[in-house]
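S.K.: Before I ask anything, here is the structure I am working with.
The values are calculated or read from the model by the stated rules, or taken from the named source; none is laboratory data. Everything numeric here is computed off the predicted structure, so don't read it as measured data. Cβ coordinates were reconstructed from backbone atoms using ideal geometry, including for glycine residues, and neighbour counts include every protein chain displayed. Note: areas computed on protein heavy atoms with side chains; ligands, DNA, RNA excluded. Shrake-Rupley method; radii C 1.70, N 1.55, O 1.52, S 1.80 Å.
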Amino acid sequence: MEQPVDTDSRTELKIPKEPKMPQEFWWSVLLEGIIAIIIGIFLLYEPITTTTLLIQILAIFWLLEGIFSVIRALVFTKDGKWKLVSGILSIIAGAVILMYPIISPYIVLRLLIIFIGILALVNGAVIITSALKGRGWGTGILGALTIVLGLLLLTNSLAGVIVLPWIFGVFFVIGGIGAVIWGINMRTRKQD
């Protein structure tokens with residue numbers, strides 16, 4: 001015997017709504033974009049002076065953050081030894097950079113280039129491995145080029161140090177323009 005089918009009970013298909021973005025902070029996104037554009041322009045036109053200034057600001061941040069980490073480690077003893085070690089290392093890094101303002105930008109940028117070079121080698125190896133697992137020869141070429149880039153950065157980090165501020169400048173300008181557009185879009189959506 002067949003059961004009667006209830007044709008009136010329908011399952012409604014729920015369409016997900018567009019995610020809401022916090023509208024009240026549109027001005028902070030806009031301000032971030034403007035600051036990024038300004039820093040990017042300075043990096044493009046005065047790369048040495050701007051890099052030195054930014055690294056000095058970073059050193060002050062590390063120094064202050066290190067002091068606060070040491071205080072937190074001494075006051076709150078849970079996991080205090082790692083906070084203490086992190087704080088001491090931050091204080092040392094900040095103090096050394098502030099004591100040697102002429103050579104510290106070169107050293108910080110050189111360490112960054114070495115880090116990027118190692119990262120490129122590892123990423124290239126991962127990409128080649130994925131290409132060998134069936135991702136195709138295009139992926140393999142991308143992996144090989146990434147490894148070549150990593151080797152170039154590791155063998156000639158001075159060239160990377162010289163070019164890196166301009167690369168950062170371009171990225172800051174492009175990212176800043178994107179943030180300004182996003183901030184304006186947030187503002188116009190708030191008014192709707």
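S.K.: Being surrounded by fewer than 17 Cβ atoms within 10 Å (Cβ to Cβ), within 30 Å of L30 (Cα to Cα) and among the β-branched types (V, I, T): is that true of I184 here?
M.R.: Spelling it out, I184 is indeed surrounded by fewer than 17 Cβ atoms within 10 Å (Cβ to Cβ), within 30 Å of L30 (Cα to Cα) and among the β-branched types (V, I, T).
S.K.: Sticking with this structure for a sec: Outside any loop (DSSP other than H, G, I, E, B), among the charged types (D, E, K, R) and at pLDDT below 90: is that true of E2 in this structure?
M.R.: no
S.K.: To continue, here is another question. Going through the stretch 117-145 one residue at a time, which ones are under 17 Å from L164 (Cα atoms) and surrounded by 17 or more Cβ atoms within 10 Å (Cβ to Cβ)?
M.R.: Matches in the stretch 117-145: G117, A120.
S.K.: Also, quick follow-up: Quick one: would you say I71 is closer than 30 Å to V161 by Cα, in a helix (DSSP H, G or I) and either open to solvent by less than 90 Å² (accessible area, probe 1.4 Å) or free of Cβ contacts under 8 Å to residues at least 40 places away in the same chain (or both)?
M.R.: In short, no.
S.K.: Can you tell which of K78, K83 is assigned to a helix (DSSP H, G or I) and either surrounded by 15 or more Cβ atoms within 10 Å (Cβ to Cβ) or charged (D, E, K, R) (or both)?
M.R.: Of K78, K83, the one residue that is assigned to a helix (DSSP H, G or I) and either surrounded by 15 or more Cβ atoms within 10 Å (Cβ to Cβ) or charged (D, E, K, R) (or both) is K83.
S.K.: Select from the stretch 7-45 the residues that are open to solvent by 100 Å² or more (accessible area, probe 1.4 Å) and either at pLDDT below 60 or outside any helix (DSSP H, G or I) (or both) and list them in ascending order.
M.R.: Within the stretch 7-45, D8, R10, T11, E12, L13, K14, I15, P16, K17, E18, P19, K20 qualify.
S.K.: Another one. Among the listed residues I167, I162, I102, which satisfies the condition of being surrounded by fewer than 18 Cβ atoms within 10 Å (Cβ to Cβ) and not in a helix (DSSP H, G or I)?
M.R.: Sole residue among the options that is surrounded by fewer than 18 Cβ atoms within 10 Å (Cβ to Cβ) and not in a helix (DSSP H, G or I): I102.
S.K.: Would you confirm, using the coordinates I've provided, whether L164 is modelled with pLDDT of 85 or more and within 27 Å of I48 (Cα to Cα)?
M.R.: Against the criterion (modelled with pLDDT of 85 or more and within 27 Å of I48 (Cα to Cα)), L164 does not qualify.
S.K.: Among L54, L109, which is assigned to a helix (DSSP H, G or I) and open to solvent by 40 Å² or more (accessible area, probe 1.4 Å)?
M.R.: The conditions single out L54.
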